[in-house]
Structure formats: structure tokens, C-alpha cells
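Each value in this text was obtained by applying a stated rule to the coordinates, not by laboratory testing. These figures come from a predicted structure and were not determined experimentally. Reconstructed Cβ throughout: ideal geometry from the backbone, glycine too, with neighbour counts over all protein chains shown.
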Amino acid sequence: MSTPKYKRVVLKLSGEALAGDKGFGIDPSMIQTIAEQIREVVQLGVQVAVVVGGGNIWRGISGSAQGMDRATADYMGMLATVLNALALQDALEKIGVDTRVQTSVEMRQVAEPYIRRRAIRHLEKNRVVIFAGGTGNPYFSTDTTAALRAAEIEADVILMAKNGVDGVYSADPLKNPDAVKYDELGFFDVLSQGLGVMDSTATSLCMDNDIPLLVFAISEKGNIRRAVLGEPIGTIVGRKTRAERRDSVR
């Protein structure tokens, strides 16, 4: 059996990834594919936590742009992430993966409240923990949630699973055919160039806590396993690039 590079990971799934080609709502076949990929990783002995977005159902920023109170719009987005988390939990449980959903917005009838020590204990028992409800506060994205939870549970890496994009590019590759894909970036590169990896708050949090990111495409089956095994896919984002690390040694 191959040896994983990481022991504990946070997998960040956007709501759009769960929608698949439909672009809206939950695509059962896509959920099933993602669940099977997560099972592959669990079977390697890797502890997996998942942070889900809600953009396939509701985007708080969009609601705010249309005149809705921003806090209200964001709370609606948090509830959308709970729907996605429950759908993913159902898919995982059906294929034999023990799973727990923890929410920042308390709703005990459907999920546990987020408790850091309990989440870590679930992971130690090889249960997949799905974090829903964002940070529990408006004005913060689920990218920031991923960075925050990764720091709290001391994850080795954040796996940023993208829908339709296989890494970080100098520009939108869907709009600009001349866009260049990066194999490796530093956090300062992401912030200074305004690259769309994650929002600046989340990027700064990862940089401050030295949590690397691996950005890759979720659409290709087996990519989560490849990412965990350390295969060269996607784009790795860290405190320093490989060239900067070489320079610091000289």
C-alpha cells in the first residue's frame, strides 16, 4: 500500500463542486463520486475533515448585492452549507464510511455543535468530520472556515478541490487561453497578485499558521487520493516557494 504524505487533512469542497455540471443544486452522481474518493483516502489511514461551501444553493454576497441585509444573507448561506453537509454525510454512510457533521450554527436535531476536542476525537477514531455552518459568523467565507478549522485541528494541509480548474493560473484559464499554470506559489504571491485561490482573510490565516494549500481539480476521479499521496498534481501554495527555500539555505 502506498504511504500517504499527510496524516490529517482538511478537504475544502465548494458548493459548485457538489453541483457538478448542473451548476446549481446537488448532483447525486457528483456527491457519490466525491464520497468514493474520500473513502479511498480514509482506507489509507488518513484522517479527513471536510469543509463544505453553499454556493450551489445560496451565495450571501449575491443576496447582499441585491439589497438584502448582509448578515441575513450570510446566515442563509450558512444554512445552505448544512444541506450540502447532510447530503455528503448520507453518501458517505451509504458506502460504509463513519461520518459526523458538526455545525457552527447550533441545530442539534440534525448535527453536533462544533467542539474542537470532539472533532479531533472523531478523527482519531477514523471518522470523517464534516464542518458546516461556516465560522458561525457573517462576513466570513467558507475558505476562512477551512483555514480556521485546519489550524484548530492541526491539519497537515488544506486540499482545495476545484470544479473545472486543475490548479492556480495567472488568469482565468476559461477566459484567457494564455493563462499560465503555477506548480508552486508562496502566500505573498497569492496576495500580491490577487490570484483567486481563496479570499485574503483565509490566505493570511494560512500564512500566519504555516498551513500549506494544494489546489487541484475534483472532477478527475482519484485526485484526492493522488493529492494525499503527494503526487505532483495541481498547485501547492506555501509560506515559501521551492526557489525561495533554496535561496534561504545559501
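Numbers for the structure displayed
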| item | result |
| --- | --- |
| Simple spin-label estimate for Gln66 and Lys5 in nanometres, 7 Å along Cα-Cβ | 4.1 |
| Computed label-point distance, nm, for sites Glu124 and Asp90 using a 7 Å Cα→Cβ extension | 3.3 |
| Shape category assigned to the stretch 2-109 from the gyration tensor of Cα positions, a/c cut at 1.5 | prolate |
| The stretch 64-107 - charge dipole about Cα centre, Lys and Arg +1 at Cβ, Asp and Glu -1, debye rounded to 20 | 80 |
| The chain: relative contact order in percent, alpha carbon pairs under 8 Å with at least 6 residues between | 22 |
| Euclidean distance of C-alpha centroids, the stretch 13-51 and the stretch 52-111, integer Å | 14 |
| All-pairs alpha carbon distance profile, the chain, 5 Å steps from 0, percent | 1, 7, 14, 18, 21, 18, 12, 6, 2, 1, 0, 0 |
| Within the chain, longest stretch free of exposed chymotrypsin sites (Phe, Trp or Tyr not before Pro) [DSSP loop, at most 14 other beta carbons within 10 Å] | 25-138 |
| Theoretical gain in end-to-end length, Ile115 to Val180 [0.36 nm per residue, Cα-Cα removed] | 19.3 nm |
| Helical contribution to [θ] at 222 nm, DSSP H n ≥ 4, -39,500 (n - 2.57), averaged over the chain, rounded to 500 | -12000 deg cm²/dmol |
| For the stretch 8-249, size of Cβ-based charge dipole, Lys and Arg +1, Asp and Glu -1, in debye | 540 |
| Exceeding the 22 Å Cα-Cα cut-off - candidates Lys94/Lys221; Lys175/Lys221; Lys22/Lys221; Lys22/Lys175; Lys162/Lys221 | Lys175/Lys221 |
| Point-to-point label distance, Gln193-Gln32, nm (Cα→Cβ direction, 7 Å offset) | 3.9 |
